Amino acid sequence: VKTASIVLAFFLASSCGTSDSGNPMFEMIPVTFSKNDSKISLIDRDGNLILEDEFPTDSRIVMREGIITEYTKKDEVKYHVIKGKNLQPIGSEKYAYGTPFFEGFAVVRMENGMLSLIDDGGKTVIENLSKVNDENIVLTGIPSEGLIRFKNEDGLWGYLNTQGVIEINPQFGACENFRDGKARVILADGKFAVIDKKGME
């Protein structure tokens, strides 16, 4: 076991330290053991070493909901879980982009540019998240209380659920994730409003 002083691989902003539910967003902390270390290890929040010299230092590592999201230098995203003291990949080997897991799901962008939704077992739940009904989706948020905000090609935002059903049609200039059943939005006339999960003010 290395005994050199620990140097954090990156700093966690205090505003990103907890999820909306109040649970710690980052369950493990990526560290290096010296300035010249070429590998990233993982420690838990009590400082216990969990994985040693597992990732290259040019990767960015986030662990949430028991799943490690690795952002590589090549702008690829890989997902891993820890089995015993070993890493095990989940889902496709790599994605062009992906979010950490929220509420058991992650939004990923395939190498062909298509958005998809995967679950925490790596199974594709929504194969083509870029095209839902007649909506061409160019951007999404993360699952929040079962809903995912999305932006269509016309620049309007709405919400769909994790089964791919649009619950609130795109009509907002901007919108936020749901919290305690409410979300803040900007209406078409530029005014702010607070809506419920049915889109009612």
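The values are calculated or read from the model by the stated rules, or taken from the named source; none is laboratory data. Just so we're clear, the structure is a prediction, and the values are computed from it rather than from any experiment. Counting neighbours? That spans all protein chains shown, and the Cβs are built from the backbone with ideal geometry, glycine included. All accessible areas refer to the heavy atoms of the entire protein, side chains included, with ligands and DNA or RNA removed. Shrake-Rupley method; radii C 1.70, N 1.55, O 1.52, S 1.80 Å.
Tabulated values for the structure
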| item | result |
| --- | --- |
| Cα-centre dipole for the chain with unit charges at Cβ (Lys and Arg positive, Asp and Glu negative), debye to 20 | 360 debye |
| Residue-level accessible surface for E111, protein heavy atoms, 1.4 Å, Å² | 140 Å² |
| Computed label-point distance, nm, for sites K74 and N161 using a 7 Å Cα→Cβ extension | 3.9 nm |
| Percent of C-alpha pairs per 5 Å bin, the chain, short to long | 1, 7, 15, 16, 17, 15, 11, 8, 5, 3, 1, 0, 0 |
| Inter-centroid distance (Cα atoms) of segment 134-201 relative to segment 29-55, Å | 38 Å |
| Carbon + sulfur, % of accessible area of the chain - ligands and nucleic acids excluded, 1.4 Å | 48 percent |
| Accessible area of R179 in the full protein assembly, 1.4 Å probe (Å², nearest 10) | 140 Å² |
| Ranking by accessible area, most exposed first, for T57, T72 with a 1.4 Å probe | T57, T72 |
| Accessible area of the chain divided out per residue, in Å², using a probe of 1.4 angstrom | 56 Å² |
| Accessible area (Å², 1.4 Å probe, nearest 10) - F55 | 0 Å² |
| At R0 = 41 Å, FRET efficiency that the Cβ-Cβ distance of Q88 and K131 yields, to 0.05 | 0.85 |
